[in-house]
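Below is one structure, written out as structure tokens; comments come after it.
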Amino acid sequence: MKLLALSSTLLSTASTLALPGNYWHQPAYFVLAGDSTTAVQASGGGGWGDGFLNHTLRSPATGENLGHNGATTVSFREGGDWARALELVEEHEKWWDVFVTIQFGHNDQKPKANISLDEYSQNLGDFVDEVRSAGGTPILVTPLTRRSFSGDPPRIVESLSNETAATIAVAKSKHARYIDLNHASTEYCNEIGPEACHVYNLNDGGEVEKLNGEDNTHLNVWGSIVFGRMVSDLMVEKYWDIAFWTNPNVTMSWQIEQGVAV
């Protein structure tokens with residue numbers, strides 16, 4: 001079963017890392033590129049990024065969260081964030097295995113952004129090529145679901161399906177790594193339901209620690225930890241070199257996989 005395979009991977013990784021003499025591997029360095037659903041918790045924004053960096057990595061693995069509130073695949077480049085991401089790759093690639101997560105879509109899809117799905121795909125593909133040229137490994141991430149429900153019984157409104165499909169298509173065409181966070185987060189939220197999901201909501205007043213906020217898109221601090229673990233689990237399941245630098249939380253991973261509210 002998928003769960004047993006993941007648990008086995010996490011446990012074997014922890015055992016391997018506990019042994020001396022394994023540090024011939026260069027440590028992992030993560031550059032997180034994305035919109036507010038990746039970004040640091042703040043008024044009007046907050047995603048999985050800090051939960052991932054601060055609660056799933058085994059030292060000395062580390063990274064930097066460049067998630068930017070309101071960012072699109074166009075504005076992230078035009079505002080200088082993408083240049084900074086590439087700088088970080090070039091600064092670290094000699095002594096670290098540098099991974100760049102790339103997650104957009106929430107703002108690209110908005111009419112005011114005026115970005116077609118083809119342009120979105122082209123922009124993602126350019127990001128992949130440029131990370132590779134700089135010496136890093138790109139990882140495309142499908143967009144975190146919004147926690148908005150409809151129907152009886154209530155189900156997640158899947159408003160990012162086009163961006164998800166486009167992201168996966170780009171990854172496959174570029175033979176690039178990817179994780180399907182949209183599918184995993186949608187599945188988990190459907191399992192635990194609206195009340196449990198809204199515990200992760202950011203409070204519109206900027207109280208980033210408060211539970212049960214009004215913002216169904218962004219994550220509070222606890223939400224960042226939970227969905228940061230989800231991102232980690234999706235990577236560990238597919239990529240051994242990342243599993244090596246992961247500090248497992250088998251209990252939380254089991255709860256997420258089983259659809260038990262954390």
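Readers should treat all values here as calculations from the given coordinates under stated rules, not as data from a laboratory. Keep in mind the model is a prediction, meaning the values are calculated, not measured. Cβ: placed from backbone, ideal geometry, glycine included. Neighbour counts: every protein chain shown.
Add +1 for every Lys or Arg and -1 for every Asp or Glu among the other residues with Cβ under 11 Å from the Cβ of residue 83, and state the total.
Around residue 83, the charge tally is -3.
Most fluctuating residue of 161, 232, 59 in a GNM of the chain with Cα springs under 10 Å: which is it?
With Cα springs under 10 Å in the chain, the top fluctuation among 161, 232, 59 is at 59.
Is the shape of the range 42-108 best called rounded, prolate or oblate, per the rule: a/c under 1.5 gives rounded, else a/b larger than b/c gives prolate, else oblate, with a ≥ b ≥ c the square roots of the Cα gyration tensor eigenvalues?
oblate
Where in the chain is the longest stretch that carries no chymotrypsin sites (Phe, Trp or Tyr not before Pro) classed as loop by DSSP and with at most 14 other Cβ atoms within 10 Å?
In the chain, the maximal stretch lacking such sites is 96-262.
How long is the gain from residue 187 to residue 42 if the chain were fully straight, where each residue apart is worth 0.36 nm and the alpha carbon distance is subtracted?
Contour length minus the Cα-Cα distance gives 49.6 nm.
With N set to the number of residues, divide the alpha-carbon radius of gyration of the chain by 2.2 N^0.38 Å and report two decimals.
0.96
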